[in-house]
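The values are calculated or read from the model by the stated rules, or taken from the named source; none is laboratory data. Owing to the predicted nature of the structure, the values given are computational and were not obtained by experimental measurement. A quick note on method: Cβ atoms are made from the backbone with ideal geometry, for glycine too, and the neighbour counts reach across all protein chains shown. Heavy atoms of the whole protein, side chains included, go into the accessibility calculation; ligands, DNA and RNA do not. Shrake-Rupley method; radii C 1.70, N 1.55, O 1.52, S 1.80 Å.
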Amino acid sequence: MTEAATEMAVDTAIKESAIKMRGTDVSVFYGEKQALFDVNLDVARNSVTALIGPSGCGKSTFLRCLNRMNDTIDICRVTGEITLEGENIYDPKIDVVELRARVGMVFQKPNPFPKSIYENVAYGPRIHGLTNSRAELDEIVESSLRKAAIWEEVKDRLHEPGTGLSGGQQQRLCIARAIAVSPEVILMDEPCSALDPIATAKVEELIDELRGNFTIVIVTHSMQQAARVSQRTAMFHLGKLVEEGVTDKMFTNPETKLTQDYITGRFG
Amino acid sequence: MTPSAIILIVLGLAAIGYVLGRQRALKTAQREGVKLHSLSGYHGQSVALFIAVPALFLLAAWLFLQPVLIESSVSGRIPQSAIPEGGARSLVMFDVRRIAEGLNQIVAGGDVSENDLADMRADVTDVRARLAEVGVALGSDVSPIVLQTAKEYRATDLTASFVRNIAVLVVALGFGAWALARIRPGLRARNISETFIKALLMGSSLVAILTTVGIVGSLLFESISFFNMYPAKEFFLSTTWNPQFRGGSELGILPLLWGTLYVSFVALALAVPLGLMIAIYLAEYAGSRLRSYAKPAIEVLAGIPTIVYGLFALITVGPFLRDWIAQPLGLGSSSSSVMTAGLVMGIMLIPFISSLSDDIINSVPQAMRDGSYGLGATKSETIKQVILPAALPGIVGAFLLAASRAIGETMIVVMGAGASAQLDLNPFEAMTTITVKIVSQLTGDTEFASPETLVAFALGLTLFVFTLGLNILALYIVRKYREQYE
Amino acid sequence: MTDTSADTVAAAGRPKARSLYQVSARTRKRHASETRFRMMGLAAVIFSIIALLGLMTSILSNGLSSFKQTYVTMEVFLDPAKLDKKGNRSPEDLAKITTFTIQPLIQTALAETMEARGIAVEGVNAKTAVELISKEAPAQLRHFVLANPELIGQSVRFELLASGRIDGYYKGRVTMESAALDRNISPEQLTLADELKAAGLLESRFNWSFFTAPDASDTRPEAAGLGVAILGSAYMMLIVLALALPIGVAASIYLEEFAPQNRWTDLIEVNIANLAAVPSIVFGILGLAIFINFVGLPQSAPIVGGLVLTLMTLPTIIIATRAALKAVPPSIKDAALGIGASKMQAIFHHVLPLAAPGILTGTIIGLAQALGETAPLLLIGMVAFVREYPGAPPEGFFDPASALPVQVYNWTQRGDPAFFERASGAIIVLLVFLVIMNTVAILLRRRFERRW
């Protein structure tokens, strides 16, 4: 991994000043069923944090707590505290719209809106009123598409529907769409699971580049992916956080047997 | 023997055939000491099918064709001189049919024997009064030739019915005997009866096609005879609707079309925004408990018959609009008006549009919503800028279906819009629609060969073409839309 | 904050690292617009509920009173001198009694009863007093005499219909003021009615004859009932059920299980979807042109109505049946085929029974639609004035009859406002039938709904 990552995480713990988001005793209930048990996890600024674990382990649930996407599910209830820059995002006084503008999300399946490529990217800046003129908007769209490494592929057909792109292009479009709002944190829920290996490689490369400007939390099914893109990794199992720490260490010398078994493919 | 008696006899024969077929199959198998290829029930079933199905089909076809064939043969015998000036042959035939029917009733009443009837002469007996006694009212006295033709008509009809009954029974017995005779243990009775049933299933699916053919055929046929009497150019382009039952009518469709479109416009202007907002509210804002009650409730509401809304327009909405809005504002004094019919029709369409839009909004994938919420959009922004554009084709389809319903709606406009054909902009004036005029031209005592009556078919054809176009377009759009998310 | 991303990315954006607790003016505006939108949705729901309540209130307030009817109870002397001049009680002679013979009997009876009770109102004589009683009453009495000739010469207690105006007076439709302007009733007569009521001779009770009596003429709204209409609707529903269900199910089985996927099948399917949306009045034209003019079936007959409604109901049943057949998992059919059943056996023995609840639900909903359908029946002459009950089926299918919704329309076309009450009452009856049918359908669906 890059030097920046190793530099930032000399020790397994993150320096207090480098904490972007912090979850304290986070539990999630779906109706009567508890899906997440007292998770304590910090997310370091300008780094990639990977959440791994077998399916149904709660990693996606935790991710969706970070920008309160779980609010859209009626029966879902969250307890504990999650902070963004020290402010509890579950405080009733917090405006979830503002929160999501700062903590963006990219989903498992590419979900471009049935609009043109341009409109897809411009949607966020428009609703948040980030620009005053068409020229500024054009600029944001272009820079977002560039950052998402898809500009060259789509610059000649900005006004064609986004749904006409290939799967990998669609996903990078969705990343561009998230970037366009200039969030501080980008949450990615298995962003490559619906993509072929070549598209996956492109998106992974992109994630690594984005790390300079954004804090990224990524849920992934693939251990290799976690190892390739992340600086820190958290392992979930049955709704509990089993282990978390610097990625390199986790993959070479895990603390728990469970993690070791999972990483070596004994289960999962 | 009436057709229903024949049907019962044929069904009885089929039941007997079933029993006989079964027994014969079992017996032959026993005698020859072999196993039956098919269960004995299938042997019975195939015999019963062979008895009932061809015979009943013959009966149906005969019932359908007999009046037509007799009519064409008898009508040829009316000399040109017997047809009144300016009248039509079909008009005379109409009388002939009714007189023949009346004669039947007189004979059935038992007062007059067949022989007396043969002697009955129009210039001696007061046939008209006689017929009036059995409830057949005629517009004029019966001429000898017409009475003679009516008698011939009746005689042919009786003979034909007799031959029909014999033919049906012969077919039933003949096919039955043949099916019974060929029963062998090795006969593949199951395959035979299954093929038979499959043919019946296929035949049933043709009923839908036949219905459409019947609709198009009858509309076209009568419309053509209308356009032979009345110039098509006048019909489509004239702005006056003024039927006169003594001839010289002006039958321009434009005022009716205007009324139809105006009422539909008012209805849709009310129903589309409201219906859509309700669908949005239920799909995106309401809790699942409310939804679980609201959905079936809306479906039930969409099933309220339009006569209920018609009555509502007539006794409540019409007088209310007249007394509280139209009269104080000096806009009119009629309780039936475009506004009355339009508003009530709008209320009728709300559940229809809600129900369709709800399905369409729900079929927009959740991923779209997540994508928008994940960017920090509010619910209404997501609805307005992501869900509605995504659902637009489906909603347009629903809108077209609603428009087609509004144009074809009858009872609400009959009871709420009025009957005066005019081109006016004031929505508080009574106006009339295509459907109202179809009803008024085809009910009551009308001569079936005058342009004033036949115009209803031309109106019907126009209506059918309009709604068909809207329906096909709507179905096409909705289908395409469904495919998009499947 | 040392957030590097702020300078690079959000050049045009809002300042970073602002506290989440500070809500920007723009966000506040967005939330206001959100609330407005939500309120608009709620307003739409509320408006519709109000419209629906208005509809129901209008119908109920106008129609519920038709379930009560005012009757005058009194003894009438069946005078043999008038009814049976020959004194032989022969049915043939009795059949010649006219209502004109009976009218004076009622007049005398009322006058005597009033005298016995000491009821007298100034300005009302025996002749005007009897106007309180419906013109239908003599017919009612005549019918009774013909059925019970042995009672001639005795006094019999009768419950006679009060006239429509008197009935309307007790239902709030007629007032003293309106009576003063009405040719058919005077305020004095209303006062007399009040006196009779106080004496217990006149009372309102449940109106059974509303469900059983046939229609009545323009001047006798108090006697009009739904008997013929209910019977006619029932006949038509029988025909629709007997034809549409088997044909619809057969067509659905063919289309769902046997039909090859080709243009022809596609045509049938588009055709069915289209028929479901063809305006109902067009089916009326079809019925008039084909069944009445071409085939020569009688006008106003339930058979024609039944056939027309069958064609209208078929698409509904076919669509519901196909959905029900589709919902049965193919594994069940495969299991039957796997043990050597023929395709026909697999479908009729296994798939069809499992789809039955869905088919039944669709059929009931289709029938409910057909029951409320009016426009096509107008064209095939069901709107005619029919006082005779149709005979027993199957011959009765060819007799003239009315239908519930058409009877409603028919009554709205009459002059006397008392018929509006009857029309609303008939709508209530119709709606009760529909609610029952729909409830059964919904319950069936809930009861048998199966998740595979």
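Before moving on, here are some points about what is shown:
- Being among the hydrophobic types (A, V, I, L, M, F, W, C) and touching a residue at least 24 places away in the same chain (Cβ under 8 Å) is a description that applies to C:Leu60.
- The residue that is surrounded by the most Cβ atoms within 10 Å (Cβ to Cβ), among those in the stretch A:176-190 that are facing another protein chain (nearest Cβ under 9 Å) and either under 12 Å from the mean Cα position of the chain (by Cα) or assigned to a loop (DSSP other than H, G, I, E, B) (or both), is A:Leu187.
- The one condition in (1) under 29 Å from the mean Cα position of the chain (by Cα); (2) of a type in the set (A, V, I, L, M, F, W, C); (3) surrounded by fewer than 24 Cβ atoms within 10 Å (Cβ to Cβ); (4) within 11 Å of chain C (Cβ to nearest Cβ) that B:Met277 fails to fulfil: (1)
- Qualifying residue in the stretch B:347-362 (condition: surrounded by fewer than 24 Cβ atoms within 10 Å (Cβ to Cβ), touching a strand residue (DSSP E or B) at 6+ places or on another chain (Cβ under 8 Å) and at pLDDT 90 or above): no
- Looking at A:Lys59, A:Lys115, A:Lys93, A:Lys109, just one residue is farther than 21 Å from A:Leu195 by Cα and in contact (Cβ under 8 Å) with a residue 24 or more places away in the chain, and that residue is A:Lys115.
For (1) more than 30 Å from the chain's Cα centre (by Cα); (2) closer than 30 Å to C:Glu395 by Cα; (3) assigned to a helix (DSSP H, G or I), each residue gets a yes or a no:
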| position | (1), (2), (3) |
| --- | --- |
| C:Pro260 | yes, no, no |
| C:Asp266 | yes, no, yes |
| C:Asn274 | no, no, yes |
| C:Pro298 | no, yes, no |
| C:Thr316 | no, yes, yes |
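- Looking only at the stretch C:360-406, residues that are open to solvent by 20 Å² or more (accessible area, probe 1.4 Å) and within 14 Å of the chain's Cα centre (by Cα) come to 3 in all.
- Selection count where residues are out of contact with any Gly (no Cβ under 8 Å at 6 or more places or on another chain) and open to solvent by less than 40 Å² (accessible area, probe 1.4 Å), scope the stretch C:129-147: 10
- Residue match in the stretch B:423-430 (condition: among the charged types (D, E, K, R) and buried (at least 24 other Cβ atoms within 10 Å of the Cβ)): no
- Scanning the stretch B:185-218 for residues that are more than 9 Å from every other protein chain (Cβ to nearest Cβ), in contact (Cβ under 8 Å) with a residue 60 or more places away in the chain and open to solvent by 10 Å² or more (accessible area, probe 1.4 Å) gives B:Gly186, B:Leu187, B:Arg188, B:Ile192, B:Phe196, B:Val216.
- Residue count, the stretch A:126-137 (criterion: more than 11 Å from chain C (Cβ to nearest Cβ) and either surrounded by 15 or more Cβ atoms within 10 Å (Cβ to Cβ) or under 27 Å from A:Lys202 (Cβ atoms) (or both)): 1
- Boolean, B:Leu473 is part of a helix (DSSP H, G or I), of a type outside the set (Val, Ile, Thr) and open to solvent by 10 Å² or more (accessible area, probe 1.4 Å): yes
- Condition met for C:Pro376 (at the interface with chain B (Cβ under 10 Å from one of its Cβ atoms), part of a loop (DSSP other than H, G, I, E, B) and either farther than 26 Å from B:Pro296 by Cβ or in contact (Cβ under 8 Å) with a residue 24 or more places away in the chain (or both)): no
- Cβ pairs under 7 Å, 6+ apart, first in the stretch B:49-65 and in the same structural domain as B:Ala172 (by TED's automatic domain parsing) and crowded, with 17+ Cβ neighbours inside 10 Å, second of a type in the set (Ser, Thr, Tyr) and at pLDDT below 90: B:Leu49/B:Ser193
- Residue identified as within 13 Å of chain B (Cβ to nearest Cβ), modelled with pLDDT of 90 or more and either open to solvent by 10 Å² or more (accessible area, probe 1.4 Å) or within 18 Å of B:Gly374 (Cα to Cα) (or both) among A:Val97, A:Val121: A:Val121
- Residues located in the stretch C:394-412, provided they are assigned to a loop (DSSP other than H, G, I, E, B) and facing chain B (nearest Cβ under 9 Å): C:Pro394
- Test: residue in the stretch C:341-351 that is more than 10 Å from every other protein chain (Cβ to nearest Cβ), open to solvent by 30 Å² or more (accessible area, probe 1.4 Å), modelled with pLDDT of 90 or more and in contact with a Lys or Arg (Cβ under 7 Å, 6 or more places away or on another chain): yes
- Number of positions in the stretch C:204-222 that are buried (at least 24 other Cβ atoms within 10 Å of the Cβ) and not acidic (Asp, Glu): 1
- Every residue from the stretch B:345-388 that is over 16 Å from A:Asn111 (Cα atoms), of a type in the set (S, T, N, Q) and within 13 Å of chain A (Cβ to nearest Cβ): B:Thr378, B:Ser380
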